[in-house]
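Step one of this worksheet: look at the structure below.
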């Protein structure tokens, strides 16, 4: 029996083997083909699609801008952690709860100017840390 091998560079070679060895080689080839079919039956390997180019690339994303924004966010978070608990609470009320300065002043029983002054001190401290 002759077995023909096809190489990647399109060269082919024929080898004469015994019937028993030929049957084993053919069975191994069938097993490999079945295994490949079983593995790729319901999905396509991303490695196999690499030759297609940047089909999965997101061209609308600016990685540098995302990284810079994340770094700024981390720096701001660390700066806020340096504030006093009362200052953190005031920031939460103003920016996260979106409350007005007037409502905060009424709740605490102080003038609006006092709340504005506290916010100015908070901003100055954050600027100093950042």
* To do: Return the only residue of 75, 57, 64 being surrounded by 10 or more Cβ atoms within 10 Å (Cβ to Cβ) and either out of contact with any helix residue (DSSP H, G or I) (no Cβ under 8 Å at 6 or more places or on another chain) or at pLDDT 95 or above (or both).
  => 75
* Residue by residue through region 86-101, note down the ones that are loosely packed, with under 12 Cβ neighbours inside 10 Å and either modelled with pLDDT under 95 or not in a helix (DSSP H, G or I) (or both). => 95, 96, 97, 98
* Structure fact -> Residue pairs qualifying under the 8 Å Cβ cut-off, at least six apart or on distinct chains, with the first in region 25-40 being under 24 Å from residue 15 (Cα atoms) and the second being surrounded by 10 or more Cβ atoms within 10 Å (Cβ to Cβ), are 25/3; 25/17
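The values are calculated or read from the model by the stated rules, or taken from the named source; none is laboratory data. Because the structure is predicted, anything quoted here is derived from the model rather than measured. Quick reminder, even Gly has a Cβ in these numbers, built from the backbone with ideal geometry, and neighbours come from all protein chains shown.
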